[in-house]
Amino acid sequence: MDKDNKTKRIIDVNELRVTDVPIVGGKGANLGELTSSGFPVPPAFVLTTVSYDYFMTKSKITPRIKAALAKIDPKSDDTLTAASKTIRDLFNTYEIPADLKREIKDNYDILLGGKKGFVAVRSSATAEDLPDASFAGQQETYLNVGNEKDLYDRVRMCWSSLFTARAIAYREKQGYSHMDVKLAVVVQKMINSEFSGIMFTVDPHNGAKNIIVEAGYGLGEAIVGGEVTPDTYQIEKTGMSITNRHISTQKWKYVRGPDGGVLKQDIPTDKQKAQKIPDSRVLEIAEIGRQVEIHYNKPMDMEWCVEDGRSYLVQARPITAIGSSKQETISQAEAAAEGSEVVLSGLGASPGMASGRVCIYDQSMSLDVIKDGDVLVTKMTMPDMVPAMSRSVAIVTDEGGMTCHAAIISRELGTPCVVGTGEATTTLKNGEIVTVDGSTGSVYRGTVKKKTEAPAAGDSAATATVAVADVSPITGTKVMVNMSMPAKAEEVAKLQCDGVGLLRSEFLFTNYVGEHPCAVIEEGRSQELIDKLADGISKVARAFYPRTIVVRTSDFKTNEYRDMKGGVDFEPNEDNPMIGWRGCSRYISDSYHEAFICELKAIKKVRDELGLKNVNVMLPFVRTIDEVQKITAMMESVGLKRGLDFKLYFMAEIPVNIFMADEFCQYCDAFSIGSNDLTQLTMGCDRDSDILGKMGYFDERNPGVKAAISQLIRTAHKYGKTVSICGQAPSVYPDFCEFLVEQGIDCISLNPDTFVRTKRIIASAEQRVLLKAARAQSQCCKDCQKQN
């Protein structure tokens with residue numbers, strides 16, 4: 001970040017980079033990064049957070065905002081709405097200071113070349129577009145703003161949209177402080193879009209490495225808001241060819257009004273069902289997206305538009321939530337075999353399956369009508385509806401595509417979602433029971449049951465079936481869960497699991513701290529860092545108590561640390577961060593030593609001050625015995641010493657962990673296999689490589705990888721140490737589960753959404769292993785009898 005930028009109230013987008021998130025928010029920083037890298041972005045300037053702070057200081061409304069927030073009842077959406085109205089009215093009461101207005105006008109005139117024209121005014125929050133939360137639609141955007149007075153009003157409305165009911169509720173759920181998040185405003189030359197859409201550089205539904213382009217007529221707000229169902233194209237990255245397409249019907253579009261703003265306009269009948277843009281344009285847009293992904297070195301989500309035959313990007317951000325193609329589904333054919341009636345079909349936008357009572361919602365209602373466990377059915381979701389979406393077990397919409405608001409938020413919440421059904425609000429009835437399959441895009445009448453289950457005598461199909469999640473077999477192998485979001489702990493703890501085998505500290509930093517730990521320490525806020533980390537850990541430990549919690553200390557890579565607020569001042573550039581300065585090598589360095597001590601003190605606080613002794617520690621990327629000895633000394637210096645109620649785990653994800661397992665066993669109580677990294681490093685295969693992945697090189701079932709796992713289990717057991725696995729292979733490959741059970745794995749830790757299905761696979765594998773052993777013993781006895 002340019003140090004001069006920290007004091008500027010307005011900055012041209014050309015001067016910005018992705019590291020400027022703290023002063024211009026995610027949207028502004030990414031537009032600056034794209035512009036400086038030569039991508040087609042409309043010109044813009046940004047009112048920085050310095051402008052926001054200046055307005056807040058001059059208006060003196062902060063104490064009154066805090067007072068309004070203090071009156072919120074988290075269980076009532078109506079109190080959220082009331083607090084939001086109070087706060088937004090405060091912003092409307094005060095004018096922008098005159099000197100700041102003059103500065104805005106000067107930049108506005110330069111942007112439009114002194115001529116009459118239109119701009120888009122877009123909110124850009126400093127917690128926006130983070131790796132773990134999309135904040136999709138949380139703040140506001142105003143299109144076709146055509147004069148100075150409207151511009152000033154829209155800037156204030158963007159600032160105040162930091163306190164919409166949806167934004168307040170979302171921050172509460174994600175654990176962000178209301179007063180720590182600030183808002184910048186992007187003022188961008190308006191593109192009068194003939195066509196527009198959204199693009200993901202991986203499939204957001206299942207994580208497949210294809211580019212997804214959605215396209216529609218007119219301004220992009222209709223697609224972003226889920227008001228229309230766009231055309232959807234799937235582009236295979238290697239050959240850049242269209243491999244699948246879905247052409248939708250679009251009857252209207254948004255266009256610029258005579259004096260600005262937006263109007264709905266009907267589309268001629270002969271164009272409603274036509275392909276919106278030609279294949280050549282689809283591939284041109286996809287190639288821009290591919291290049292953006294290469295530039296950022298991560299999957300990206302972009303908004304694009306076309307005016308006068310030229311394509312533009314108007315927004316880009318890292319993808320924040322991706323479904324998994326490996327999650328549990330019940331196929332339509334299997335459900336039909338049990339007599340389940342498919343009443344609706346649409347696009348499966350967020351995988352998983354759930355049953356519940358239909359609640360049909362329209363915007364004239366209070367969100368309080370949507371209760372815990374309801375299936376939310378609506379024409380389309382709006383950002384205001386996030387609190388109700390978080391209470392719903394599933395979501396079904398009439399309109400929308402794979403990248404609409406409902407799809408993005410559902411994936412982030414882990415809620416099954418079907419969009420673009422066309423008729424959900426008219427076909428379904430309030431109060432009826434349905435099952436939503438977000439993987440296949442089907443909605444079934446009643447509660448879908450397994451083939452082996454039958455209704456009890458006298459019960460109806462809608463009430464008598466046993467939910468899939470209710471059946472959890474007993475296994476000899478411990479089965480635990482992986483956790484990232486403390487806000488989900490109470491819900492996940494209801495699973496019949498043995499505890500948490502992996503609590504990732506990285507998500508505690510992004511959810512609870514939001515800054516690079518060294519930046520926090522440099523400002524003298526070490527205790528604040530400790531307290532925030534302890535708060536996140538304790539939420540999980542308390543929810544699962546007395547079951548074991550294994551906290552893996554931070555395993556960010558340098559590029560991920562650089563993206564954090566203040567990170568650029570503390571992180572080097574590495575060509576290959578995946579095998580760079582990460583894990584234990586970071587902890588023992590002079591530059592990160594104190595930050596790691598704060599992590600340890602947070603764990604110590606949870607265990608001793610809060611009394612949650614079920615918390616243990618796991619170290620990632622352990623390369624040498626020297627590292628282990630130094631880190632053990634650091635742990636003991638804060639009072640964390642291995643004993644009966646405190647265990648130290650090592651991740652086993654590097655071949656050296658296998659070859660030197662005898663030595664490593666002397667310094668730990670257990671190992672946890674990271675199958676992704678272990679496969680990558682054993683096979684010399686970049687796990688993100690499209691080419692090698694398609695050629696089958698990255699596969700945990702490779703004999704070499706399996707040999708490494710077998711060797712580790714044997715060695716660890718020789719020394720009385722346990723071995724678990726926290727990679728995703730067991731939930732993807734049933735045969736791999738059986739292999740682990742055969743080798744005597746002690747524990748398997750799974751993502752919550754795969755827990756029920758995979759635990760059954762583990763139980764089945766145990767039965768097969770026992771049967772094999774019994775047959776072998778029987779054959780041995782027969783052989784002995786023959787010899788005698």
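The values are calculated or read from the model by the stated rules, or taken from the named source; none is laboratory data. Computed from a predicted structure; not experimentally measured. Here the Cβ positions follow ideal geometry from the backbone for every residue, glycine too, while neighbour counts run over all protein chains shown. Protein only, heavy atoms only, side chains kept; ligands, DNA and RNA dropped before computing areas. Shrake-Rupley method; radii C 1.70, N 1.55, O 1.52, S 1.80 Å.
Just a few scattered comments:
- Sorting 425-432, 178-185 by their mean Cβ neighbour count within 10 Å, with the most densely packed peptide first, gives 178-185, 425-432.
- Principal axis dimensions, largest first and in whole angstrom, of region 190-232 by Cα: 32, 19, 15
- Listed by chain and number, the aspartates and glutamates whose C-alpha is less than 19 Å from the C-alpha of Lys60, apart from same-chain residues fewer than 8 away, are Asp89, Glu95, Asp99, Asp153, Asp180.
- Excluding same-chain neighbours fewer than eight residues apart, the lysines reachable from Lys237 by a Cα-Cα span under 19 Å are Lys209, Lys298, Lys694.
- Area accessible to solvent at Leu681, 1.4 Å probe radius, in Å²: 60
- When peptides 61-71, 186-196, 25-35 are sorted by average Cβ neighbour count within 10 Å, with the highest value leading, the order is 25-35, 186-196, 61-71.
- As a length-normalised measure over Cα pairs under 8 Å and 6 or more apart, the relative contact order of the chain settles at 9 percent.
- Spin-label model distance (nm) - Glu432 vs Asp279, 7 Å beyond Cα toward Cβ: 4.1
- 1.4 Å probe accessible area per residue over the chain, in Å²: 40
- Building the convex hull from the alpha-carbon atoms of the chain and averaging its projection over directions returns 37.3 nm².
- Cα point-scatterer Debye curve for region 644-706, base-10 log of I(q)/I(0) at q = 0.12, 0.16, 0.17 Å⁻¹: -0.36, -0.56, -0.61
- Computed helical MRE - 222 nm, the chain, DSSP H runs ≥ 4 contributing -39500 (n - 2.57), nearest 500: -11000 deg cm²/dmol
- Additional length obtainable on full extension of the chain from Gln363 to Leu692, 0.36 nm per residue less Cα span: 113.6 nm
- Rounded FRET efficiency, nearest 0.05, which uses the C-beta distance separating Leu770 from His717 and R0 of 22 Å: 0.75
- To put it simply, the accessible area of the chain at a 1.4 Å probe is 50 percent carbon and sulfur.
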